[in-house]
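*Asks:* Take a look at the following structure, please.
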Amino acid sequence: VDDCCGREVRRMTLTVGSLFSGIGGMDLGLERAGHTVIWQSEIDPYACKVLKKHWPDVPNLGDITTIDWGKVEQPDIICGGYPCQPFSTAGKRKGKEDPRHLWPYVLDAIRTIRPRFALMENVRGHLTLGFGDVLADLASCGYSAEWQIISAASVGAPHRRDRLFFVAYPDSERSHRTEVN
């Protein structure tokens with residue numbers, strides 16, 4: 001594979017575990033980048049039908065609150081957009097008091113599975129409510145994170161809709177990256 005400058009680039013195939021899969025938008029993007037989805041976790045009945053149609057051989061682990069992560073195949077990447085209502089104005093910004101606050105279950109998955117990367121998405125408001133806790137939680141289990149706000153308009157949508165994306169990785173990865181750069 002060549003990059004935009006004609007240099008040869010080795011493409012790495014990684015495996016993906018998808019949380020809060022919805023209809024598979026993030027999964028599809030990662031597959032188009034050359035990666036392989038090995039499991040999904042979704043409970044919405046309509047979304048589950050869509051996932052089953054497009055990924056008939058990929059198991060849906062169901063409700064994140066009931067998964068025994070010690071028995072799940074270990075992917076290279078865990079991805080997902082955990083519920084945003086606890087951090088959004090539309091959800092009344094109740095944070096940890098909101099029953100839809102499912103970050104602790106995502107953390108449990110990361111802490112148990114220890115993926116090479118966790119790619120997560122949420123609303124911009126998460127930066128001012130709860131994101132410091134997310135970073136502290138990740139640090140407590142040996143992960144660092146980098147984040148960016150990306151507007152839907154910046155990728156061609158006719159509206160702004162700012163989203164927080166972050167990538168977390170084991171601290172040893174950061175040390176390695178620093179040595180390489």
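The values are calculated or read from the model by the stated rules, or taken from the named source; none is laboratory data. Since the structure is predicted, the reported quantities are computational estimates derived from the model, not experimental observations. Cβ atoms come from the backbone with ideal geometry, glycine included; neighbour counts cover every protein chain shown. For accessibility, only protein heavy atoms count, side chains too; no ligands or nucleic acids. Shrake-Rupley method; radii C 1.70, N 1.55, O 1.52, S 1.80 Å.
*Asks:* Here's a check for you: in segment 110-120, which residue that is open to solvent by 20 Å² or more (accessible area, probe 1.4 Å) and assigned to a helix (DSSP H, G or I) is farthest from G70 (Cα to Cα)?
*Replies:* Across segment 110-120, the extreme among qualifying residues is R111.
*Asks:* May I ask you to list the residues in segment 126-155 that are within 27 Å of L14 (Cα to Cα), open to solvent by 60 Å² or more (accessible area, probe 1.4 Å) and outside any helix (DSSP H, G or I)?
*Replies:* E146, W147, Q148, I150
*Asks:* If you don't mind, another one. Can you name every residue in segment 29-74 that is among the aliphatic types (A, V, I, L, M) and touching a residue at least 12 places away in the same chain (Cβ under 8 Å)?
*Replies:* L30, V37, I38, I43, A47, V50, L51, V58, L61, I64, I67, V72
*Asks:* Of the numbered conditions (1) in a helix (DSSP H, G or I); (2) of a type outside the set (V, I, T); (3) crowded, with 20+ Cβ neighbours inside 10 Å, P104 fails exactly one; give the number of that condition.
*Replies:* Evaluating P104 over (1) in a helix (DSSP H, G or I); (2) of a type outside the set (V, I, T); (3) crowded, with 20+ Cβ neighbours inside 10 Å leaves (3) as the failure.
*Asks:* Here's a follow-up. Given the conditions (1) open to solvent by 40 Å² or more (accessible area, probe 1.4 Å); (2) touching a Ser or Thr at 6+ places or on another chain (Cβ under 7 Å), and given that V123 satisfies all but one, which numbered condition is not satisfied?
*Replies:* Only one criterion is unmet by V123, namely (1).
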